[in-house]
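Shown next, in structure tokens, is the structure this report addresses.
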Amino acid sequence: MFDKVIKNVRLLEKDELVNVAINAGRFASITEGEMTGQITWDGQGGYLLPPFVETHTHMDTVLTAGSPRFNQSGTLYEAIEVWQERKQDLSIEDVFQRACQALQQLLAHGVLFVRAAVDISDPELTALRALIKVKKYYAGKIDLEIIAFPQDGLLASPKNQERMRKALECGADLVSAVPHLEPTREKGIASLQFCFQLAQDWDKAIHIFCDEVDDEHSRFLEVVADLAIHMNNKRVTVSHANALAYYNDVYADKVIRLVQQAKISVVACPLVNSMMQGRADPFPKGRGLTRVKQLHEAGVNVCLAHDDIRTPFYPLGTGNILQAAHLGLHLAHMSGQKDLRDVVEMITTNGATCLDIHNHYGIEAGKPANGIVLPAANLADLLSEQPKPMYVFRNGELLAETAPVETTYHHEKITT
Ligand SMILES: [Zn+2]
């Protein structure tokens with residue numbers, strides 16, 4: 001007799017239905033045979049996946065859309081203006097409440113590993129302090145990693161260099177830079193050199209907001225890859241890399257090889273990027289996504305992330321990362337059966353590679369019993385319907401439960 005049994009579930013790598021046993025908070029056995037538990041959850045033929053991994057979001061700006069006003073033009077410039085106004089009112093309590101509300105939403109959607117950027121341009125580091133409280137509050141349920149993120153640049157706003165160090169002292173987990181927002185190419189490179197040196201001094205992972213611009217001249221990805229190789233930092237992620245889509249194929253091929261060699265993870269954010277990018281393009285407009293399929297085929301670890309939820313930068317979103325996967329597979333032209341599976345891996349195991357959490361991630365006997373049971377009979381259903389998980393559990397304990405949606409028809413059934 002096991003503590004718990006999850007019966008009638010499908011794993012991503014196996015077509016047959018299996019039963020999965022949990023003992024003392026860990027997966028104990030996975031088999032097609034019968035088993036009994038003190039508690040049984042019926043997966044009803046749905047998927048049992050490890051929890052979703054959100055590799056790029058923001059918990060300081062989250063759920064502020066409309067406050068003090070909406071971004072009516074939808075441009076990055078108006079978003080930054082609106083956020084400048086809103087951030088005057090930040091308090092620990094304000095950030096704490098909104099971040100907790102957003103994490104509850106993510107949890108209901110099966111996201112239990114979250115990497116969030118926090119703007120450190122504020123001398124008091126109010127948002128960072130609030131998020132460190134949030135991180136402690138959710139410990140054991142959601143793992144929250146915090147990126148110290150210099151929204152206004154490190155050279156454009158030199159005081160941010162000292163604030164980055166202060167943020168690390170306060171407990172930020174990763175360091176960052178935004179090279180394409182620095183005033184010149186040279187200052188962009190200097191910001192990356194600063195960031196890599198800081199990471200080395202503090203033994204931290206790096207998450208660069210890189211080339212989020214529809215401009216073939218924004219060429220910082222090659223610099224990130226070169227620094228990662230020469231400073232031997234194996235924990236480097238870049239987000240966005242939109243400019244890569246605009247490079248000519250010869251140069252793009254060179255950069256992708258470097259990224260692969262450097263073992264950098266690339267995070268694409270289809271919802272936010274498709275909304276924000278391509279606006280200034282003449283028709284036909286860019287798709288607002290980096291070369292996801294090409295990077296993936298070259299062996300690069302590619303992740304898809306939801307990014308903003310209801311902020312001046314992006315007015316929509318529920319935290320449902322399946323929406324990002326759904327849009328991402330359209331924009332990346334990944335509609336084959338293997339593609340659908342690869343896309344699901346971009347929000348699960350590839351995210352775990354990015355966060356370097358493989359030793360406690362995955363549906364395997366002996367690993368912590370962390371998982372989600374999704375009501376979908378196949379991957380096309382899962383990605384089309386984007387359902388909330390029926391069960392979300394951590395160390396074998398149920399954290400959230402959502403009954404699958406069922407429609408009652410009030411008209412006569414069509415018979416053929
Ligand atoms: Zn973002």
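For segment 258-272, what does the Karplus curve 6.51 cos²θ - 1.76 cosθ + 1.60, with θ = phi - 60°, yield as ³J(HN,Hα) per residue in whole Hz, taken in order and with x for Gly and Pro?
Listing the rounded values in order: 5, 4, 5, 5, 7, 6, 7, 8, 10, 10, 10, 10, x, 5, 6 Hz.
Between 0 and 90 degrees, rounded to the nearest ten: what's the tilt of helix 221-230 against the longest Cα principal axis of the chain?
The angle comes out near 80 degrees.
May I ask what percent, to the nearest 5, of DSSP beta bridges between residues of the chain are antiparallel?
40 percent
Treating only the Cβ atoms of Lys and Arg (+1) and Asp and Glu (-1) as charged, compute the dipole magnitude of the chain about its Cα centre; round to the nearest 20 debye.
Dipole magnitude for the chain comes out near 400 debye.
Could you give the longest part of the chain that holds none of the GluC sites (Glu not before Pro) found in DSSP loops with at most 12 neighbouring Cβ atoms within 10 Å?
Counting only loop sites that pass the neighbour cut-off, the longest clear stretch is 125-363.
Considering only C-alpha atoms, what is the centroid distance from segment 102-153 to segment 317-371, in Å?
20 Å
Which angle from 0 to 90°, rounded to the nearest 10, does the C-alpha axis of helix 185-202 make with the longest principal axis of the chain?
So the inclination is approximately 60 degrees.
Could you sort out which of Lys141/Lys367; Lys388/Lys413; Lys14/Lys338; Lys14/Lys141; Lys141/Lys234 sit more than 21 Å apart by Cα distance in this structure?
Result: Lys388/Lys413; Lys14/Lys141; Lys141/Lys234 exceed 21 Å.
Gln151's amide H: which non-local residues (gap 5+, or another chain) put their own amide H closer than 5 Å, with H modeled 1.01 Å from N in plane and none for Pro or chain starts?
Distant-sequence amide H within range of Gln151: Ile120, Ser121.
Could you list the square roots of 5 times each eigenvalue of the Cα gyration tensor of the chain, that is, the equivalent ellipsoid semi-axes, sorted largest first and rounded to whole Å?
For the chain, the semi-axes come out at 36, 24, 22 Å.
Quick note: the coordinates plus some simple rules give every number you see, no bench work behind them. Nothing here was measured: the structure is a model prediction, and the numbers come from that model. Backbone-built Cβ (ideal geometry, glycine too); neighbour counts: all protein chains shown.
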